[in-house]
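Only one structure is covered here, and it is reproduced in the block below.
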Amino acid sequence: MTGQVSTKKDQPGRHQSASLASVSQGLRSVLSLCLATSAGRIGFCLVAIHLTLALIGPLLAPYSATSFNYFDNGDVKVFLGPTLQHWLGTDQFGRDILSRVMSGAASIIAVSVAGAALGIFVGTVVGMSSAYKGGRVDEFTMRVMDGLMSFPSLLMALLIITTLAFRPAPAEWIQPFWQQLLIVFTIAIVNVPRVARVMRSTTLSLKTQEFVQSARLRGEPASYIIFKEILPNTLQTLGVEMTVRFSYAILLVASLGFLGMGVQPPSPDWGLMISQSRQFLASAPWVALAPAAAIASLVVGVNLLVDGIRQAQGLPKESAS
Amino acid sequence: MSERQPQAALGRDDATDVLLQVEGLAVTFYTPRGTVRAVRDASLQVRRGELVGLVGESGCGKSTLAFAVMGYLPGTAATEGSILFEGRDIAQLQPSELRDLRGNRIAMVYQDPSTSLNPTMKVGSQIEEVVREHLHFDAATARERTKELLESVGLPDPDRVTQAYPHQLSGGQQQRIVIAMALACEPDLLLMDEPTTGLDVTTEATILDLVASLKDRVNAGILYVTHNLGVIARVADRVVVMYAGQTVEQAPVRELFKNPCHPYTIGLLSCVPTPPGEGEAATKLQSIPGSVFAAQEVTPEACLFVDRCPMAQDRCRGEAPVMSDTNDGHQSRCFFWNEVRPEIWGEAEPREAAHNSNGEQVKPVLTAKGLRRFYGRWGRKYLFFGPRVRPPVRAVVDIDFDVGVGKSLGIVGESGSGKTTVAHSVVGLVPRDRGDLDLNGESLSAAVEGRSLDQKAALRMVFQNPTSSLNPKLPIRHAILRTLQKFTGLNQQERGLRAEELLEAVGLDSSYLNRRPSELSGGQQQRVALAGAFAGDPILIAADEPVSALDVSIQAQVLNLLAEHQRDQKTAHIFISHDLGVVRYVSDEILVLYAGHVAESGPTEAVLSAPSHPYTEALLSAAPVPDPDADRTRIRLSGTVPTQREQFQGCFFAGRCPRKIGPICDHTPPPTRTDPESSKHVITCHIPLEELAVLQQGTVAKAT
């Protein structure tokens, strides 16, 4: 950025504070980007709420997510509509819905984020390398990607989970998370070809630019050129892809939960909550509405946030530049 | 040039003939990124039957002015002043009235014909659309009119052309279609915004002929916007020069070139290299120091040119000059127009006579023999099976050349002739298929990835487009420091210092190191690219049209930089360009390529004077020259350089050669003839050299 003094060599002692300062400056600039537009502000609020729930949801919840609630006279509080004590009512077992929604955030967000991130990482590497190499390697890789993509994502997820979930995990310590890990893995597989396609087309158009040719003339190895020269120019596209992939990941995880392939009961899983409340949709709709609204608000929030950031990057900077 | 000769008056009281009158126009864009004052104070007139050339460099506001005349500015623009078309103010018109005017009475031809035409509609329908909309013709009459129009713009075979889609036509043909569309309703005012900039020199020449003929045939006034003084000299009747949003001089064309009355105009004229055939290029190119007055700055109460002007005085800093009459029909925005002489920019320095036309035996630093490169693979009839049907494109076929230590080899030819492929093969970006390439005796491997570090450091390249030569997301210092890291053994601190030295050597302050390329102008970006090329102390630099994308005054700066570096470091250059004037200024030897073959090669002056290959002759004849009285014999080539997939049976130029002597040119490959007067000068032609010299007496100047 202009306005910076050209970097002279730092004195050794100032390194630590310099890096801390730059990190906090980086965070502050990201924050200001998020909050610059109205879309960004709304999105940021929604995402912040969800992130907080994911991290400390169970602590904030008024009731436990799994225990039944009783009236004073000993009856189970089933199908209570929204009341002062239970803001979102109770479900068919008398569990407080608000607490279940708040506690269920962690698993769905963690799995979606991990899966999408893994998918994007692998997809970017595959797509960009394939595009840069070109020729037969590129053709072959893309046909493999096409093959993977032709499977409907839900079917592939079911396939993987039903075949592998009931086998023992490769190592003892993985067993408790085995199913989550499989879901992460599935989301990644589903996303890799889509991300690879997009990153490949961006790389193809950047590959012919003269600065890439200059890098080749300098003798830079291919990995350097792809990740140091081309990648920074693809961040815009990558950002959009991340939003889309993450949204689909959440929906996929919720669908899996709906089908009973997610977290096992009695742990709260938004998809499962919706599935189990289908029978009572006419008589007690709030049981389904709350988790559905949670899923929707997360997806919408992420989209608004990334949209807001992109809009904010297009605006002029406040400082002199 | 020491007296002011009054030129013939242009009869400015004939007001009835004035089609367009722009007075005191100011156009300001209010964007989120700041206020841009594109036009500050422009006034001009266009009369019926005359062609007014509007000339200036990029950012001077000439295109904005043209769009303002069409009433075609975006909502963020605010205009002041008046634009009167036949007495009516464009700014006051309703959108429906503007729609009536546009296409009908005022028509515009744009720079890029490929984006001016709808790619999904047949060309004939697009022209018919214009006529039916404005003149309410029925289908049959519209088709008739379309055919007439196509013939009038010189497109033979209108039946075939009307059924074609834009992408099936060449650039020159597309531009003719756009001109036909503009003429469809017989407009009173024709605006042309750099219509030949994207075209090859030979195509440009034919389009300029068309424009010149329009003046006689069509009863309209034409406003022609361009940055090229040669084009102006060829077609314009009157010239208006713009700088930083103001009109600074206007005059009839001969008067302007003979007696310019503004320092900027003189500066522009002296930045253009002497055209070939007009005497030795004996003097160094002048360049205008400094940079253009920024469009974001508020208009001061001073002359906008004052920081760059060699005759700036106190009055210029305190008072804003206005356009004042110098002669009949000649106005200048300078207080001291009376004292303006070409010498104000300093005595032209003599160039070092580094060009020995008889070639002293300089050791060649790079030799190429039998260089060949084809693109693509043989296509098969059924995708993967079947007989081979589509041969690859023969881009470069068996070319030999060499470059001496500290010498420049210029490569000329139109697009499709293979010049870029030659450069890329030399540098290794595109692996050659066949041929030997030696650097100081060492053989170079085909692809750059296979070459040694020293070889990579020795051969560097500068590209045509300065903006895409630098990574837009990384600061400038990245490229230079990486180059130094790879090619020199300096440690980090030394690299930083050397980077600063390199930038200062190309005339940029070392603070630029931290800037992004988007914060630099085109000329500055190209200088950074040069600094990167100089970084490894190369033996040879391949420059692929390094100045084509730059303004004339910046071109001169960059060319002088290259020349200086060559003198100091004895670097060899391979300089590719389509501009013969620039190539002639820069090169010691020239290689003329056509469709991948060498048409002619040899010392510069020998190649550019008789005897020359017919293709060289055509190129020389087509290039626009900044002299309205230049007496050039017209040699016009039709068509474009072919994309050749089959081996040529006879001469590669037989398809377009204006001096074709008969069937021998189609059947027998021509011999390579050596000029007896200059042993390195060779021409590949069936016509013997003595005969060529006689035939070309009128067209190509003899070497002095």
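The values are calculated or read from the model by the stated rules, or taken from the named source; none is laboratory data. Please read these numbers as outputs of a predicted model, since none were measured by experiment. We place every Cβ from the backbone using ideal geometry, glycine too, and count neighbours over all the protein chains shown. SASA here: full protein model, heavy atoms, side chains in, ligands and nucleic acids out. Shrake-Rupley method; radii C 1.70, N 1.55, O 1.52, S 1.80 Å.
Do we have residue B:578 as under 21 Å from the mean Cα position of the chain (by Cα) and either within 14 Å of chain A (Cβ to nearest Cβ) or not polar (S, T, N, Q) (or both) here?
yes
On the given criteria, is residue B:605 in a helix (DSSP H, G or I) and open to solvent by 50 Å² or more (accessible area, probe 1.4 Å)?
Here the answer is yes, as residue B:605 does meet what is asked.
When only residues in the stretch A:195-222 that are open to solvent by 40 Å² or more (accessible area, probe 1.4 Å) and of a type in the set (Gly, Ala, Ser) count, which is farthest from the chain's Cα centre (by Cα)?
This residue is A:222.
Determine the pairs where a residue that is among the β-branched types (Val, Ile, Thr), located within the stretch B:241-252, has a partner that is part of a loop (DSSP other than H, G, I, E, B) with Cβ atoms under 6 Å apart, the partner being 6 or more residues away or on another chain.
B:248/B:262; B:248/B:333
Mind checking which pairs have a first residue in the stretch A:209-232 that is at the interface with chain B (Cβ under 9 Å from one of its Cβ atoms) and a second that is of a type in the set (Asp, Glu) and open to solvent by 20 Å² or more (accessible area, probe 1.4 Å), Cβ under 8 Å, 6 or more apart or different chains?
Pairs found: A:216/B:449; A:219/B:449.
What are the residue pairs meeting all of these: first residue in the stretch B:32-60, first residue within 14 Å of chain A (Cβ to nearest Cβ), second residue of a type in the set (A, V, I, L, M, F, W, C) and outside any loop (DSSP other than H, G, I, E, B), Cβ atoms under 8 Å, and 6 or more apart or on different chains?
B:35/B:29; B:36/B:29
Can you say whether residue B:410 is touching a residue at least 60 places away in the same chain (Cβ under 8 Å), open to solvent by less than 30 Å² (accessible area, probe 1.4 Å), touching a Ser or Thr at 6+ places or on another chain (Cβ under 7 Å) and within 15 Å of residue B:542 (Cβ to Cβ), as far as the supplied structure shows?
In short, yes.
With the condition kept exactly as written, say whether any residue in the stretch B:621-633 is outside any loop (DSSP other than H, G, I, E, B), in contact (Cβ under 8 Å) with a residue 24 or more places away in the chain, closer than 30 Å to residue B:154 by Cα and open to solvent by less than 20 Å² (accessible area, probe 1.4 Å).
Among the residues of the stretch B:621-633, at least one is outside any loop (DSSP other than H, G, I, E, B), in contact (Cβ under 8 Å) with a residue 24 or more places away in the chain, closer than 30 Å to residue B:154 by Cα and open to solvent by less than 20 Å² (accessible area, probe 1.4 Å), which makes the answer yes.
Which of the helices (runs of 4 or more DSSP H) found entirely inside the stretch B:111-214 contain at least 1 residues meeting this: within 27 Å of residue B:18 (Cβ to Cβ)?
B:123-135, B:139-152, B:171-183
Among the residues of the stretch B:98-110, what is the count of those that are part of a helix (DSSP H, G or I) and open to solvent by 70 Å² or more (accessible area, probe 1.4 Å)?
Total meeting the criteria: 2.
Within the stretch A:36-45, can you find the residues that are open to solvent by less than 70 Å² (accessible area, probe 1.4 Å) and of a type outside the set (Gly, Ala, Ser)?
Listed by number, the residues that qualify are A:37, A:44.
One line per residue, one yes/no per condition, for (1) out of contact with any Gly (no Cβ under 7 Å at 6 or more places or on another chain); (2) among the charged types (D, E, K, R):
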site: B:496; (1), (2): yes, no
site: B:505; (1), (2): yes, no
site: B:512; (1), (2): yes, no
site: B:515; (1), (2): yes, yes
site: B:527; (1), (2): no, yes
site: B:534; (1), (2): yes, no
site: B:538; (1), (2): yes, no
site: B:544; (1), (2): yes, yes
